[in-house]
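Scroll down for the structure; my scribbles are underneath it.
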């Protein structure tokens, strides 16, 4: 699977947490797509600037319980859109 400098396929937020959903295609088979997720917590540092970290507290883990189902649903939607796009492309090729 390759990951380029593309933006995430989607980002879902819940409180101070966000999930960046990445679309990864196989170099061997561009039809083969996988989605991966990075869970990130945003916070303000001592200077008041926003920072991101992947280190999560026990409270953050409880919040993940609300975020993960939303991410799972969104990945299912993205996969469905991928399938539809492939089917549309095959129909276009067949009509040409």
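Sorted by average packing, counted as other Cβ atoms within 10 angstrom per residue and highest first, what order do 76-82, 42-48, 15-21, 54-60 take?
Packing order, densest peptide first, comes out as 15-21, 76-82, 54-60, 42-48.
Using 1/(1 + (r/R0)^6) with R0 = 30 angstrom and r between the beta carbons of residue 70 and residue 32, what's the FRET efficiency to the nearest 0.05?
Once the sixth-power term is evaluated, E becomes 0.75.
Stretch residue 86-residue 43 to full length: gain in nm at 0.36 nm per residue minus the Cα-Cα span?
11.5 nm
Counting other C-beta atoms within 10 Å, which of 33, 71 has the fewest, and how do the rest follow?
If I rank by nearby Cβ atoms, fewest first, I get 33, 71.
Taking a quarter of the surface of the convex hull around the Cα atoms of the range 51-96, what do you get in nm²?
Result: 4.8 nm².
Between residue 55 and residue 14, what's the calculated FRET efficiency when r is the beta-carbon distance and R0 is 25 Å? Round to 0.05.
0.90
Hey, how many Å between the Cα centroid of the range 60-76 and the Cα centroid of the range 1-50?
Using only Cα atoms to place each centre, the spacing works out to 13 Å.
Restricting to Cα pairs below 8 Å that are 6+ residues apart, what does the relative contact order work out to for the chain? Please round to a whole percent.
The value is 21 percent.
Suppose we take every Cα in the range 1-56 and form the convex hull; what volume per residue is that in Å³?
Looking at the range 1-56, the number lands at 91 Å³ per residue.
Using only the Cα atoms of the range 10-95, what semi-axes does the equivalent ellipsoid have when each is the square root of 5 times a gyration tensor eigenvalue? Give whole Å, largest first.
35, 14, 11
Since every read-out is calculated from the coordinates, none of them should be taken as a lab result. Being a predicted model, the structure only gives us computed values, none of them experimental. Methodologically, a virtual Cβ is constructed for each residue, glycine included, from the backbone with ideal geometry; neighbour enumeration extends over all protein chains shown.
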